[in-house]
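Data block below; observations after.
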Amino acid sequence: MSDSFSDREKSFEAKQKMDDEMKFKAISRRNKLLGEWAAEKMGMEGSEIEAYAKTVVIADLEEPGDDDVLRKVLGDFESRSIEMSEDEVRDQLERLMGVAMEQLKDAFEALGKDHG
């Protein structure tokens, strides 16, 4: 295998690893934002919001995909007799993914050109 091919392969693998890490961070940030949104809808304030948001982030570790997060948030709404449809929560997930990506992009750009 030539050095050029090996270098390209290593570069591709490094980029894939970075992309996977960014996706994981974006999903975690999105889930935190969703938790904050849901906590506010449930009437929580201050430190309660942050604590609840953490439980939403942790809930995502149960299984691949968003179903575990949806179950958590919708179950909590239901237990507090707050009407919220799955579609409404899914819409928030989608909207907040964009917000999370922007926040991460801004944080990455703040690192400067040395991290490009």
Exercise. Would you mind telling me which numbered condition in (1) in a helix (DSSP H, G or I); (2) surrounded by 13 or more Cβ atoms within 10 Å (Cβ to Cβ); (3) modelled with pLDDT of 95 or more residue 44 fails?
Key: (1)
Quiz item: Scanning segment 1-26 for residues that are loosely packed, with under 10 Cβ neighbours inside 10 Å and not small (Gly, Ala, Ser), which turns out modelled with the lowest pLDDT?
Solution: 1
Quiz item: Within segment 47-78, which residues are surrounded by 14 or more Cβ atoms within 10 Å (Cβ to Cβ) and outside any helix (DSSP H, G or I)?
Solution: 60, 66
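Does residue 32 meet the test of being surrounded by 14 or more Cβ atoms within 10 Å (Cβ to Cβ), of a type outside the set (Val, Ile, Thr) and in a helix (DSSP H, G or I)?
Yes.
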Practice problem: Taking residue 81 as meeting all but one of (1) among the polar types (S, T, N, Q); (2) outside any helix (DSSP H, G or I); (3) surrounded by 11 or more Cβ atoms within 10 Å (Cβ to Cβ), write down the number of the exception. | Solution: (3)
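The values are calculated or read from the model by the stated rules, or taken from the named source; none is laboratory data. Given the structure is predicted, the values throughout are model-derived calculations rather than measurements. Because the Cβ atoms are built from the backbone with ideal geometry, glycine has one as well, and the counts that use them run over all protein chains shown.
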